[in-house]
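Scroll down for the structure; my scribbles are underneath it.
Quick note: the coordinates plus some simple rules give every number you see, no bench work behind them. These numbers come from a predicted model, not from an experiment. Neighbour counts run over all protein chains shown; Cβ positions are idealised from the backbone, glycine included.
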Amino acid sequence: CIMVNEGDLVIIRSGANAGEILKGKSGALSSNLFLVKLDYDNMVDHEFFNFLLISMESYFMSKATGVGQKNITKQSIVSTTCYIPSFDEQKRIVDYLTPICKTIDEIHSALGVTIPKLVDYRKALVYDAVTGKLDI
């Protein structure tokens with residue numbers, strides 16, 4: 001039994017949303033999920049890593065295969081190459097994205113519904129910041 005902590009990132013292993021990245025809740029990991037852990041804590045900022053994974057969600061979803069039910073393999077995830085900027089640049093990206101994403105999350109929480117345009121904006125903003133398309 002693999003335990004998940006509040007806020008851990010998990011990837012949906014199979015089904016219509018295979019490859020989607022979610023924040024976990026405390027409890028046991030479902031067999032339908034992968035738990036994502038960072039091995040290089042001294043080289044990669046934890047919050048930057050979270051933003052990096054979130055920015056790669058559409059890539060992981062594109063790796064899902066299958067006719068009746070889509071699946072993504074552990075090998076598809078593990079074999080993915082990521083280019084990591086310097087620790088200082090990671091911090092700048094995190095400092096830039098955190099307050100904006102927090103505001104979007106607060107709006108979502110206050111309204112109790114998801115606003116698709118805000119979700120799209122957040123995804124695009126995180127992707128652009130992590131991939132260097134946004135000058136920070």
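Note on the chain: dipole from Cβ charges, positive end direction compared against Ile104, Ala64, Val94; the farthest Cα belongs to Ala64. Would you please state the base-10 log of I(q)/I(0) at q = 0.10 1/Å for the chain, with intensities from the Debye formula using one equal scatterer on every alpha carbon? Scattering profile of the chain, log10 relative to I(0): -0.35.
Using +1 on the beta carbon of Lys and Arg, -1 on that of Asp and Glu, and nothing else charged, what's the dipole of the chain about the Cα centre, debye to 20?
In debye, rounded to 20, the chain gives about 560.
Pairs of Cα atoms nearer than 8 Å and 6+ residues apart set the relative contact order; for the chain it is 23 percent. Note on the stretch 68-132 and the stretch 1-65: Cα centroid distance 12 Å, given to the nearest whole angstrom. Seen from a random direction on average, the alpha-carbon convex hull of the stretch 5-61 projects onto 4.0 square nanometres.
Note on the chain: helix-only mean residue ellipticity at 222 nm, from DSSP H runs of 4+ residues weighted -39500 (n - 2.57) and normalised by residue number, equals -14500 deg cm²/dmol.
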